[in-house]
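A.B. asks: Starting off with a structure, shown below.
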Amino acid sequence: MSNSSCKGQGGSPLDELAELLQCRWKNIDQAKQKTLGTLEQLSKIIEGKPGADTSVIVHGSLARRECTRGSDLDWTLLVDGVADASVQQTFLAIKNALNDETAFSQLGLEKPGRQGTFGALTFSQPMMHYIGGEEDSNSNTTRRVLLLLEALPVGERLKAFERVRQGVLRRYLDEDRGLLRKNTDGTNLRWVPLFLLNDFARYWRTIAVDFAYKQFDRGNKGYALRSIKLGVSRKLLFASGLLACFWCDPEVSKDETLEPRKQSLVSCLDAFFSWTPLERIASFFVVHTRGSQSKFIRETASELFSAYDDFLDLLNNTEKRKHLDELKPGDEETDIVFKEARMMRKRFRLAIQNMFLHQDSPLYKHSIEKGVF
């Protein structure tokens with residue numbers, strides 16, 4: 001894998017890592033198989049509806065291939081073309097098909113949340129051109145970042161999605177003036193795209209702030225379950241984005257084909273984002289398992305994926321999931337189910353911290369110099 005780490009070809013890095021560690025993550029495997037079946041059904045429901053300049057995109061657990069009981073159908077219709085009346089007709093046809101109760105029953109999914117970010121039209125221009133500034137709303141930032149970190153096109157119409165994702169990546173890299181320039185002392189090139197990294201960091205902080213707002217807005221309803229998700233699956237998203245930026249450095253990715261050209265980095269990132277967040281994290285551990293710190297890498301990988309496997313087991317347990325969703329504020333400290341979930345969240349957090357901030361990690365220097373300061 002060392003010579004093709006940015007190409008996204010071959011088998012899944014998750015399978016390769018499981019083989020290297022000689023272990024199996026049952027819940028991760030089951031969630032993936034359930035997702036593949038759900039995506040196949042979803043493709044049939046929308047068949048023939050998207051137009052030439054559109055793509056139906058799913059986000060959330062479907063895009064991560066982590067579908068469990070209670071997963072939402074977070075979808076958008078991405079438009080990369082002229083916005084005429086036919087676009088609205090296409091959107092309504094898809095929306096009506098997906099809002100049909102029979103479809104939800106067939107898919108075994110919940111409807112999108114009430115914020116309006118999903119189950120809606122998304123246009124390419126705001127995502128590409130409103131990066132920062134007054135017009136870059138929370139919804140626009142969310143759609144753009146999730147297009148990279150957590151998005152999967154469904155059905156036959158893929159071209160709009162592919163064009164927009166590559167266009168967004170080029171915008172981030174073209175506007176990064178210091179990218180691939182040598183340091184002031186004439187030494188190493190700066191491979192890490194800071195414009196992209198900072199937007200990922202901004203999105204992560206926005207999620208954390210919005211979590212507090214939603215807690216207030218909803219009268220603490222669902223706090224316990226949402227807090228666990230924030231500390232695990234949402235944190236995974238940010239970690240995989242941070243890793244993607246560091247992955248542009250050949251010292252991290254061990255990719256000998258990378259060239260000091262921005263188009264080379266666009267191609268690398270585009271392929272890297274074609275993997276799920278878990279696969280991106282796994283790719284790092286696969287590449288560095290045979291290094292000088294192989295014992296540390298193996299132990300960190302084992303703990304991280306074991307904790308995430310337990311997280312998916314929790315989400316797939318209808319009783320525990322409902323219990324956490326209905327847990328009243330103030331009861332968390334004495335609740336056995338929440339204590340169990342919080343311990344799993346802590347294990348995941350410590351493993352992520354070791355991956356990026358332990359002095360034995362190949363990511364340590366970049367994390368301190370680029371991720372923190």
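A.B. asks: Name the residue that is modelled with the lowest pLDDT, counting only residues in region 75-118 that are in contact with an Asp or Glu (Cβ under 8 Å, 6 or more places away or on another chain) and either of a type in the set (Gly, Ala, Ser) or on the phi > 0 side of the Ramachandran plot (or both).
C.D. replies: Only one residue fits best here, namely GLY113.
A.B. asks: Any chance region 148-171 includes a residue that's free of Cβ contacts under 8 Å to residues at least 40 places away in the same chain, crowded, with 16+ Cβ neighbours inside 10 Å and closer than 27 Å to SER233 by Cβ?
C.D. replies: No, the conditions are met nowhere in region 148-171.
A.B. asks: Has region 206-225 got any residue that is in a helix (DSSP H, G or I), closer than 18 Å to LEU147 by Cβ and modelled with pLDDT of 95 or more?
C.D. replies: Checked against the condition, which is being in a helix (DSSP H, G or I), closer than 18 Å to LEU147 by Cβ and modelled with pLDDT of 95 or more, region 206-225 yields no hits at all.
A.B. asks: All but one of (1) touching a residue at least 24 places away in the same chain (Cβ under 8 Å); (2) touching a Leu at 6+ places or on another chain (Cβ under 7 Å); (3) of a type in the set (D, E, K, R) hold for ARG190; state the number of the condition that does not hold.
C.D. replies: The failed condition is (1).
A.B. asks: Quick one: would you say GLY119 is under 19 Å from the mean Cα position of the chain (by Cα), surrounded by 17 or more Cβ atoms within 10 Å (Cβ to Cβ), under 30 Å from GLU40 (Cα atoms) and of a type in the set (Gly, Ala, Ser)?
C.D. replies: Against the criterion (under 19 Å from the mean Cα position of the chain (by Cα), surrounded by 17 or more Cβ atoms within 10 Å (Cβ to Cβ), under 30 Å from GLU40 (Cα atoms) and of a type in the set (Gly, Ala, Ser)), GLY119 qualifies.
A.B. asks: Can you tell me how many residues in region 241-296 are free of Cβ contacts under 8 Å to residues at least 12 places away in the same chain and not in a helix (DSSP H, G or I)?
C.D. replies: The total comes to 3.
A.B. asks: Please find, within region 322-357, the residue that is nearest to the chain's Cα centre (by Cα) out of those that are closer than 19 Å to SER294 by Cα and surrounded by fewer than 17 Cβ atoms within 10 Å (Cβ to Cβ).
C.D. replies: Applying the filter and picking the extreme gives GLN353.
A.B. asks: Out of region 297-332, which residues are among the charged types (D, E, K, R), under 28 Å from GLU110 (Cβ atoms) and part of a helix (DSSP H, G or I)?
C.D. replies: Across region 297-332, the qualifying residues are ASP309, ASP310, ASP313, GLU319, LYS320, ARG321, LYS322, ASP325, GLU326, GLU332.
A.B. asks: Among (1) modelled with pLDDT of 95 or more; (2) more than 19 Å from the chain's Cα centre (by Cα); (3) under 30 Å from THR38 (Cβ atoms), where does ARG171 come up short?
C.D. replies: Of the numbered conditions (1) modelled with pLDDT of 95 or more; (2) more than 19 Å from the chain's Cα centre (by Cα); (3) under 30 Å from THR38 (Cβ atoms), the odd one out for ARG171 is (3).
A.B. asks: Also, I was wondering about something else. Of the residues that sit in region 82-96 and are of a type outside the set (Ser, Thr, Tyr) and surrounded by 15 or more Cβ atoms within 10 Å (Cβ to Cβ), which one is farthest from ILE45 (Cα to Cα)?
C.D. replies: Among those residues, the one meeting the criterion is VAL87.
The values are calculated or read from the model by the stated rules, or taken from the named source; none is laboratory data. Quick caveat: nothing in here was measured; it's all calculated off a predicted structure. Note that we place each Cβ from the backbone using ideal geometry, even for glycine, and neighbour counts take in every protein chain shown.
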